[in-house]
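Peer 1: One structure is given below, represented as structure tokens, and several questions about it will come after.
The values are calculated or read from the model by the stated rules, or taken from the named source; none is laboratory data. For clarity, every value in this text was computed on a predicted model and none was experimentally measured. Because the Cβ atoms are built from the backbone with ideal geometry, glycine has one as well, and the counts that use them run over all protein chains shown. Calculation scope for accessible area: heavy atoms of the full protein, side chains included, ligands and nucleic acids excluded. Shrake-Rupley method; radii C 1.70, N 1.55, O 1.52, S 1.80 Å.
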Amino acid sequence: MRIFITGGAGFIGSHLCDYFLARDHQVIAMDNFITGSPDNIAHLANDSRFEFIRHDVSNYINVAGPVDAVLHFASPASPKSYLDFPIQTLKVGALGTHNALGVARVKGARFLLASTSEVYGDPLVHPQREDYWGNVNPVGPRGVYDEAKRFAEALTLAYQREHGMETRIVRIFNTYGPRNALDDGRVVPNFIGQALRGEPLTVHGDGSQTRSFTYVSDLVEGIARLLMSDEKLPVNIGNPKEMTIKTFAERINAITGNKAGIIYTERPVDDPTRRNPDITKARTILGWEPKVSLDAGLEETIAYFTERMKKA
Ligand code: NAD
Ligand code: UDP
């Protein structure tokens, strides 16, 4: 296949490039580096099956030649990034998704949208199943991301219904691993960076809010299976092992031997209180479930950040 990946120089996008190149597909990645980095794809520079185009996908997209699949991953993704770039986030979710769907339509390609657990907002139902409609504040600071992704899902389904296109939607829950940007404010890079510098970990609020963490190789495998499946409605991909942020901070301090402890800081507005995926659908339809334990995933990630911080 010839696969077009928007956001291909980002954390997840670059792992998708690696995954498909390793299976002998061709990859065209597009990115404007608003939150991604050329470093994430530098190792692919001499691979003749890999092509990179620097472009903002919120503007008309031009891709020469045939395309079999479009994976739309371009978007600021961390709360800090989408608060820094609120309008670009709305534009890439709306205009960028429209353009990426347009590429898929003209090429007769399959389309896969990177959606998010944020479409459930601050959920009132636990764990979150795909048929839960969510609890989103459209005018709060996170609304720029949540509503952009909800619009992107609606547009994807509209293209499927109106044009008979093959579309897929993955709702990604908190994912971590090598190439997570150290400074994008997400809890995994923040805590690991702080621990490696011997600083106290900044837990927001009292740390009783929950998340679960998916290692990137598990996520990418789930995405590839969804792409090849017949499932047209959204599928959660995430790790169902829920934990409090305080417990997670204590774990990071224990693994890294950081003695600086924890400090409690202000909780961001509309920060979801509980988040945990119901992955029955992924298990049943895709035969997928996460394989990498938190400790194994953290070991890889800490090794990566240790190297990055030496170079910085
Ligand atoms: P990331 O910031 O590392 O990657 C996003 C990439 O998109 C970056 O390389 C960025 O430069 C690029 N981009 C953004 N706007 C663009 C535009 N207008 N034109 C071209 N490129 C643009 O973040 P990530 O974690 O790899 O996220 C990738 C996708 O997965 C996003 O769509 C995000 O919403 C989704 N997602 C990620 C997570 C997670 O836990 N990592 C969770 C839910 C959803
Ligand atoms: N968080 C924290 N300290 C940090 C960064 C994040 O306590 O330094 C919390 C944040 O408030 C949220 C959780 O960790 O409750 C996960 O935050 P992240 O930014 O990784 O992504 P989210 O799941 O909110 O999209």
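Peer 1: If we keep just the residues of the range 187-205 that are within 15 Å of ligand 1 (Cβ to nearest atom) and open to solvent by less than 30 Å² (accessible area, probe 1.4 Å), which is farthest from Phe20 (Cα to Cα)? Lay out the reasoning, then the answer.
Peer 2: Looking only at the range 187-205, we keep the residues that are within 15 Å of ligand 1 (Cβ to nearest atom), and these are 187-192.
Going one step further and asking which of them are open to solvent by less than 30 Å² (accessible area, probe 1.4 Å), we end up with 188-189, 191-192.
Working: Val188: 26, Pro189: 26, Phe191: 31, Ile192: 29 Å.
Here the residue is Phe191.
Peer 1: Also, I was wondering about something else. Could you tell me whether any residue of the range 237-244 is touching a residue at least 24 places away in the same chain (Cβ under 8 Å), open to solvent by 50 Å² or more (accessible area, probe 1.4 Å) and polar (S, T, N, Q)? So that I can check it myself, show each step before the final result.
Peer 2: Going through the range 237-244, the residues touching a residue at least 24 places away in the same chain (Cβ under 8 Å) turn out to be 237-244.
In the following step, the residues that additionally are open to solvent by 50 Å² or more (accessible area, probe 1.4 Å) were identified as 241-242.
After this cut, where a residue has to be polar (S, T, N, Q) as well, the list is none.
Scanning the range 237-244 turns up no residue that is touching a residue at least 24 places away in the same chain (Cβ under 8 Å), open to solvent by 50 Å² or more (accessible area, probe 1.4 Å) and polar (S, T, N, Q).
Peer 1: Same structure again: Has the range 4-23 got at least one residue that is touching a helix residue (DSSP H, G or I) at 6+ places or on another chain (Cβ under 6 Å) and closer than 19 Å to Glu118 by Cβ?
Peer 2: The answer is yes, given that some residue of the range 4-23 is touching a helix residue (DSSP H, G or I) at 6+ places or on another chain (Cβ under 6 Å) and closer than 19 Å to Glu118 by Cβ.
Peer 1: Which one of these is surrounded by fewer than 16 Cβ atoms within 10 Å (Cβ to Cβ) and under 19 Å from Pro79 (Cα atoms): Ser208, Ser293, Ser212, Ser229? Step through it out loud before you land on a result.
Peer 2: Values: Ser293 fails: under 19 Å from Pro79 (Cα atoms); Ser212 fails: surrounded by fewer than 16 Cβ atoms within 10 Å (Cβ to Cβ); Ser229 fails: under 19 Å from Pro79 (Cα atoms).
Just one listed residue meets the conditions, Ser208.
Peer 1: Consider Tyr176 carefully, then state whether it is in contact (Cβ under 8 Å) with a residue 12 or more places away in the chain and within 10 Å of ligand 2 (Cβ to nearest atom).
Peer 2: On the way: in contact (Cβ under 8 Å) with a residue 12 or more places away in the chain: yes; within 10 Å of ligand 2 (Cβ to nearest atom): yes.
Here the answer is yes, as Tyr176 does meet what is asked.
Peer 1: What pairs come out if I take residues in the range 263-274 that are under 20 Å from Pro127 (Cβ atoms) and more than 6 Å from ligand 2 (Cβ to nearest atom) and pair them with residues that are aliphatic (A, V, I, L, M) and open to solvent by less than 60 Å² (accessible area, probe 1.4 Å) whose C-beta lies under 9 Å away, six or more apart or interchain?
Peer 2: Asp270/Val136
Peer 1: I'm trying to understand the selection: among the residues of the range 66-79, which are under 18 Å from Asn32 (Cα atoms) and surrounded by fewer than 24 Cβ atoms within 10 Å (Cβ to Cβ)? Spell out the reasoning first.
Peer 2: Step one: filter the range 66-79 for residues under 18 Å from Asn32 (Cα atoms), giving 70-78.
Correct list: Ser78 only.
Peer 1: Kindly establish whether Thr284 is away from ligand 1 (no atom under 15 Å from the Cβ) and part of a helix (DSSP H, G or I).
Peer 2: yes
Peer 1: Pick out the one residue from Tyr132, Tyr120 that is over 22 Å from Ala224 (Cα atoms) and either open to solvent by less than 20 Å² (accessible area, probe 1.4 Å) or within 16 Å of ligand 2 (Cβ to nearest atom) (or both).
Peer 2: Tyr120
Peer 1: Give the residues of the range 14-40 that are within 17 Å of Leu182 (Cβ to Cβ) and away from ligand 2 (no atom under 16 Å from the Cβ), sorted by residue number. Show your work before the answer.
Peer 2: Of the range 14-40, the ones within 17 Å of Leu182 (Cβ to Cβ) are 14-15, 33-40.
Within the range 14-40, Ser14, His15, Phe33, Ile34, Gly36, Ser37, Pro38, Asp39, Asn40 qualify.
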